[in-house]
1. Residues in region 91-109: is at least one touching a residue at least 12 places away in the same chain (Cβ under 8 Å) and closer than 18 Å to residue 3 by Cα?
2. In this structure, is residue 93 among the hydrophobic types (A, V, I, L, M, F, W, C), surrounded by fewer than 21 Cβ atoms within 10 Å (Cβ to Cβ) and within 13 Å of the chain's Cα centre (by Cα)?
3. Can you tell me which residue is surrounded by the fewest Cβ atoms within 10 Å (Cβ to Cβ) among those in region 60-80 that are aliphatic (A, V, I, L, M) and either touching a His at 6+ places or on another chain (Cβ under 8 Å) or closer than 17 Å to residue 92 by Cβ (or both)?
4. Run down 161, 206 and say which single residue is among the hydrophobic types (A, V, I, L, M, F, W, C), surrounded by 15 or more Cβ atoms within 10 Å (Cβ to Cβ) and on the phi < 0 side of the Ramachandran plot.
5. If only one of 168, 177, 151 is within 14 Å of the chain's Cα centre (by Cα) and touching a residue at least 40 places away in the same chain (Cβ under 8 Å), which one is it?
6. Quick check on my filter: what residues within region 58-90 are in a strand (DSSP E or B), touching a residue at least 40 places away in the same chain (Cβ under 8 Å) and farther than 12 Å from residue 41 by Cβ?
7. Scan region 116-133 and report the pairs whose first residue is under 9 Å from residue 147 (Cα atoms) and whose second residue is at pLDDT 95 or above and part of a helix (DSSP H, G or I), with Cβ atoms within less than 6 Å and a gap of 6+ or a chain change.
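The values are calculated or read from the model by the stated rules, or taken from the named source; none is laboratory data. What you see is a predicted model, and the numbers here were worked out from it, not measured in a lab. Backbone-built Cβ (ideal geometry, glycine too); neighbour counts: all protein chains shown.
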Amino acid sequence: MKLSIVQKNINDTNLIEVLDDLKETGADIVLFGELALTGCLYNGLEKRVIQSVEDLSIVFQAYPFDVMIGLPRVANNKMYNSYIYFNKSNFQIYDKINLFEPMNETEHFNAGEKTVLFNSGSKKFGVSICYDIRFPKMYDQLKEKGADIILIPAAFPRVRIAVWKELLQERAMQTGLTIIGINAVGDDGTNEFGGTSMVIAPDGAIIAQADEINETIIEVEL
């Protein structure tokens, strides 16, 4: 399975250009980070128009690969910080369980209630989002459910990026599974984000790593 891991600027919400550039790469799945569709929502939706999951599914069906992406999702008049796997006309959803109060998440999002695996057919991806990384029991649950790989899309500030790296490696060694961390770069006026998207082997070794400041695409076969 070939994965393309997209580390993009938090302010760049034009995903179509990235997807078009990846059409001929032979990727099976393209992975974006947390809230990649909008950037962080410190003040709620901030008058942004958010495409529905159903509309996005139609857009992504035009591409030869599946797409995993973070976005704000509205359901039953509640908003969630969601990570969604778009697989042709189907989609699978994880809603972030552990919201990060210092970035106003608890004011604008509702917390998810359960851990989730994305089933790609050949691999089962355990999913967590950013602040979830600080809750080890969640990763034990994902392993117990049968995860082959664990994804951690994030918007992790650069000032704490050393902690990000340490936690990714800790979760790999804790679970004995491959960990994929997908972070953002750029400064949105409230936070500077530290990139360092990584693929970590089950023993904690670094398979691939992006830098702290540049938009990057990591390609990996797993």
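1. There is at least one residue in region 91-109 that is touching a residue at least 12 places away in the same chain (Cβ under 8 Å) and closer than 18 Å to residue 3 by Cα.
2. yes
3. Per the stated criteria, the residue is 75.
4. Answer to the selection: 161.
5. The conditions single out 151.
6. The answer is 66, 67, 68, 69, 83, 85.
7. What qualifies is 117/145; 126/142.
A quick yes/no check of all residues on (1) among the small types (Gly, Ala, Ser); (2) surrounded by fewer than 15 Cβ atoms within 10 Å (Cβ to Cβ); (3) over 20 Å from residue 162 (Cβ atoms):
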position: 183; (1), (2), (3): no, no, no
position: 187; (1), (2), (3): no, yes, no
position: 190; (1), (2), (3): no, yes, yes
position: 221; (1), (2), (3): no, yes, yes
